[in-house]
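Novice: Below you will find the structure I want to go over with you.
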Amino acid sequence: MTTPDEGPSTELPAGTWERLAALASEHLEGRGRVTASELKTAYERAVRNAELADEVEFLDAPPARSAEGDCVNFGPFEFNLYSVVSAGFEGQFCNPPNWSLRLKAWVKVAGYTVWEEEINLSPENYCYSREFNYSVAKGNLNICVQGPNYCLNISGQACAWFPIIGWKCGDFDWTPICFG
């Protein structure tokens, strides 16, 4: 576990909750709107209930769910950091050795999705990397298909900001499923 030196000590940047609420509202897909007050309350509740362990919690990855021809659908599965920040994935892997992977990935803060993206990987483009910073959650995410068994590997670091304590970070290196 690491604690980066950068970042707020006791105060968050102005507009943090409004920006996070706007991002969360975008991902509700017409099911309403999240207010800054709702998101802040959910975050404070998550922080109060957080277990300050040194490890990232990996939720059990389900086995491949279903097959469609030469493709396998899998997920969703998630991991979380102190019950405050989580990331999740689901997707479809097709046709080794000329394989393709279509993956939907997301990051949540206090249970609200603040980032979501569809990622496409192939033998020519077998890794994806992204850094994120949402004032109370930050980190880096690496997603790769590796080895002769076409294993999905998810690695990086996730950090959650706690009032007074500052940043609490956890490294992760997880291989939830192999396709070969």
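Novice: Given Glu117, Glu51, Glu68, which one is open to solvent by 60 Å² or more (accessible area, probe 1.4 Å) and modelled with pLDDT of 90 or more?
Specialist: It is Glu117.
Novice: For Ile143, which of the numbered conditions (1) modelled with pLDDT of 95 or more; (2) open to solvent by 70 Å² or more (accessible area, probe 1.4 Å); (3) closer than 19 Å to Pro76 by Cβ fails to hold?
Specialist: Unmet condition: (2).
Novice: As an exercise: evaluate Lys108 against (1) open to solvent by 20 Å² or more (accessible area, probe 1.4 Å); (2) in contact with a Ser or Thr (Cβ under 7 Å, 6 or more places away or on another chain); (3) over 26 Å from Ser25 (Cα atoms) and give the number of the one condition it does not meet.
Specialist: (3)
Novice: Phe93 - would you say it is touching a residue at least 40 places away in the same chain (Cβ under 8 Å), closer than 17 Å to Ser66 by Cβ, assigned to a strand (DSSP E or B) and out of contact with any Gly (no Cβ under 8 Å at 6 or more places or on another chain)?
Specialist: yes
Novice: Could you look through region 16-31, keep only residues that are surrounded by 12 or more Cβ atoms within 10 Å (Cβ to Cβ) and assigned to a loop (DSSP other than H, G, I, E, B), and pick out the one that is modelled with the lowest pLDDT?
Specialist: Per the stated criteria, the residue is Leu28.
Novice: Moving on to the next point. Scan region 26-43 and report the pairs whose first residue is small (Gly, Ala, Ser) and whose second residue is modelled with pLDDT of 90 or more and outside any loop (DSSP other than H, G, I, E, B), with Cβ atoms within less than 6 Å and a gap of 6+ or a chain change.
Specialist: From residues that are small (Gly, Ala, Ser), the pairs are Ala36/Trp17; Ala36/Glu18; Ala36/Ala21.
Novice: Quick one: which of Val34, Val56 is open to solvent by less than 30 Å² (accessible area, probe 1.4 Å) and at pLDDT below 80?
Specialist: Val56 is the lone residue from the list that is open to solvent by less than 30 Å² (accessible area, probe 1.4 Å) and at pLDDT below 80.
The values are calculated or read from the model by the stated rules, or taken from the named source; none is laboratory data. The structure displayed is predicted, hence computed values, not measured ones. Glycine gets a Cβ as well: all are built from the backbone with ideal geometry, and neighbour counts include every protein chain shown. Each accessible area value is taken on the protein alone, full model and side chains, heavy atoms only, with ligands, DNA and RNA left out. Shrake-Rupley method; radii C 1.70, N 1.55, O 1.52, S 1.80 Å.
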